[in-house]
Amino acid sequence: MTLSKFLQKAKLLFLAALMFSSAIALTNCGGGSGDGKGPITPDTPTTAASTACELSTFQFKAINNSGLTSDATATVATIQNRNLVLITVPSGVNLTKLVPTFGVSSKATVKIGTVAATSGVTAANFTGDTDITVTAEDGKHSKKYFVLVREGDANMDNEVYAVMKKYNIPGISVATTKGEKPAYEAGYGYSSLEQTPWTRTTPTTLFRLASVSKFQCALCIMSLYEDGLISPDDYVFAPAGANGTGSPQGILYEMYPGTHAKGVDQIKVHHLLTHTSGWNYDLTGGADPIFTGDSRFYGKTLKARAEYMVSNIATGSTPGTSYSYYNLGYCLLGQIIEVLTGGTYEDYLRKVEAKAGVEDVWIGKSDKGGRRANECVYYAQYGSTAYGNDMSVVGACGAVINSAPNLMKVVCAMDYGTVVPDILKKETLDMVYKDYTTANPPTTKNGYGYGWRILHYTLDNWASFHGGNINGTATIIVRGKNGVNGVLLCNSRNAATDFDTALYLAINNIMQRVNLIY
């Protein structure tokens with residue numbers, strides 16, 4: 001073998017040895033199980049720690065809590081971007097030492113306040129807004145929940161919790177009566193989320209009533225009627241003699257003088273009370289003069305809006321012949337009250353409702369900063385605003401603020417009962433609760449009286465009722481046939497098509513239970 005071939009062969013052997021030793025070194029790096037003496041096993045892949053931090057269930061089980069005869073189960077909901085746990089226990093349960101049973105994400109840990117908690121073991125004080133923090137396995141992700149425990153009837157409260165959860169409503173107040181005596185009253189959730197600690201809703205929290213304001217306006221008109229100051233047959237706008245020789249001048253003629261659009265001079269107080277003035281929203285291109293962005297009305301006073309209607313918009317039908325729900329009519333009734341009393345509508349409303357023992361009733365303000373100390377904050381949804389309407393314009397048709405128990409006092413003072421003296425005579429109440437609109441549409445249910453809808457298509461125990469809605473407000477009040485009355489007030493409104501039905505069913509189910517247990 002020549003020297004050059006020998007050197008070439010030696011070089012190849014050296015390179016092969018070098019490659020083999022490198023392979024051994026690479027196999028044994030990185031924490032594998034090889035020790036150079038046995039077979040090499042690969043590393044086990046590392047699983048990332050979970051980031052899940054959800055509270056899925058929450059209960060107070062009877063087995064863990066003295067005073068409970070059955071398990072209390074919470075509604076866990078995200079409402080207005082807050083994580084809430086809504087739960088009711090029977091009255092008399094010691095809230096200072098309750099043991100919760102909860103379900104959370106796998107490997108997550110829980111603290112109640114600052115104390116580590118074990119499901120079904122750790123007792124805590126739930127008298128206030130108790131916070132629970134669920135921390136994920138990774139230790140970095142966490143979610144805080146606020147537990148709102150109230151004493152009451154879980155069957156009734158769960159009706160409300162379901163509405164709050166499904167429709168994103170932060171605060172609701174409910175009041176009921178049976179036989180003209182207070183029955184079940186409750187506040188749920190938060191009346192204000194503006195600053196911490198958030199403000200809990202109570203039965204005395206004031207809410208905007210939206211169109212539930214209308215029955216109170218009608219009560220004021222009929223109080224003036226009993227005092228001999230007005231008649232439902234009085235004309236509203238007509239100059240003297242406009243409706244025949246000797247026909248009197250309309251109550252608001254001096255406020256709206258001059259030549260009026262066709263049909264306007266025939267409008268009577270009765271027509272405003274029953275939404276049969278002949279005006280409808282089609283006549284203004286779908287614009288509601290009270291709730292609209294239309295340049296003919298928006299930003300103007302109530303008087304200016306009404307002047308436009310009186311002077312320019314002829315009635316679409318002869319007054320008294322066709323029903324069409326129309327907010328302006330009740331705003332005008334508020335003006336009539338002011339003309340006849342010489343004061344504000346708010347002043348006269350407070351005077352009338354004082355006869356029912358109600359003092360805390362007002363006309364609400366337009367802006368959040370003007371709300372009363374015990375008034376809720378209103379939360380619009382879908383990017384709209386709850387403070388976009390001029391409440392001085394809305395007035396008698398929808399700007400009244402009142403509490404749920406106060407509303408029950410008013411209803412009991414106008415329901416033919418004998419336990420609470422009625423503000424109006426029976427003959428006057430007959431006028432209030434008569435259905436004046438059965439001819440159009442042709443039905444004996446869901447007609448309209450004076451500020452009340454009469455009967456209901458499907459809820460047969462409802463003698464009269466009224467709902468209301470403005471951005472940030474949803475309401476329903478019911479006078480029952482069986483002596484059970486109820487009201488439910490919300491500080492938000494959802495645009496879902498089934499929302500109003502859900503409110504109606506909730507208060508109906510609560511009233512049915514009140515009838516059973518009170």
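The figures follow:
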item	result
Separation in nanometres of the label points that stand 7 Å from Cα toward Cβ, at N312 and S106	6.7
Percent of Cα pairs exceeding the 23 Å cut-off, where the set is the stretch 282-419	45
Between helix 327-341 and the chain: long-axis angle, C-alpha atoms, 0 to 90°, nearest 10	50
Signed unit charges on C-beta, dipole axis of the chain, positive-most listed residue T114, Y457, N168	T114
Phi to ³J(HN,Hα) by Karplus 6.51 cos²θ - 1.76 cosθ + 1.60 over the stretch 48-61, Hz, x for Gly, Pro	5, 5, 5, 9, 6, 9, 9, 9, 9, 9, 8, 9, 10, 8
Beta bridge orientation in the chain: antiparallel %, DSSP, nearest 5	90
Structure-based [θ]222 nm, the chain - -39500 (n - 2.57) summed over DSSP H runs of at least 4, per residue, nearest 500	-8000 deg cm²/dmol
Net length gained if the chain between D129 and K166 were fully extended (0.36 nm per residue, minus Cα distance)	11.2 nm
S66-K144 FRET efficiency (beta carbon distance; Förster radius 41 Å; 0.05 resolution)	0.90
Amide N proximity, the stretch 228-255 versus E427 label position 7 Å along Cα-to-Cβ, cut-off under 20 Å	228-234
Helix axis angle, 154-167 relative to the chain longest principal axis, alpha carbon, degrees	80
Accessible-area composition of the stretch 182-237, carbon plus sulfur, in percent [1.4 Å probe]	46
Exposure rank, largest accessible area first [V419, V361; 1.4 Å]	V419, V361
Fully extended contour minus Cα-Cα distance, from T321 to D288, at 0.36 nm per residue	9.8 nm
Binned Cα-Cα distances of the chain, short to long, each 10 Å bin given as a whole percent	4, 16, 23, 19, 12, 8, 5, 3, 3, 3, 2, 1, 1, 0, 0
Principal-axis tilt of helix 213-226 within the chain, Cα atoms, nearest 10 degrees	20
Charge dipole magnitude, Cβ of K and R +1, D and E -1 - the chain, Cα centre, debye nearest 20	1960
Per-pair calculated FRET efficiency, R0 = 30 Å: Q195 and K97 via Cβ, rounded to 0.05	0.50
At R0 = 35 Å, FRET efficiency that the Cβ-Cβ distance of N81 and K445 yields, to 0.05	0.30
Computed lengthening from K368 to V339, 0.36 nm per intervening residue step minus Cα-Cα distance	7.5 nm
Out-of-range pairs (alpha-carbon distance over 30 Å; input K368/K481; K425/K445; K165/K434; K97/K368; K300/K409)	K368/K481; K165/K434; K97/K368; K300/K409
Area accessible to solvent at S295, 1.4 Å probe radius, in Å²	90
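The values are calculated or read from the model by the stated rules, or taken from the named source; none is laboratory data. Keep in mind that this is a model prediction, so the values were computed, not measured. Glycine also receives a Cβ, built like all others from the backbone with ideal geometry; neighbour counts cover every protein chain displayed. Note: accessible area is taken over every heavy atom of the protein model, side chains too, but ligands, DNA and RNA are not part of it. Shrake-Rupley method; radii C 1.70, N 1.55, O 1.52, S 1.80 Å.
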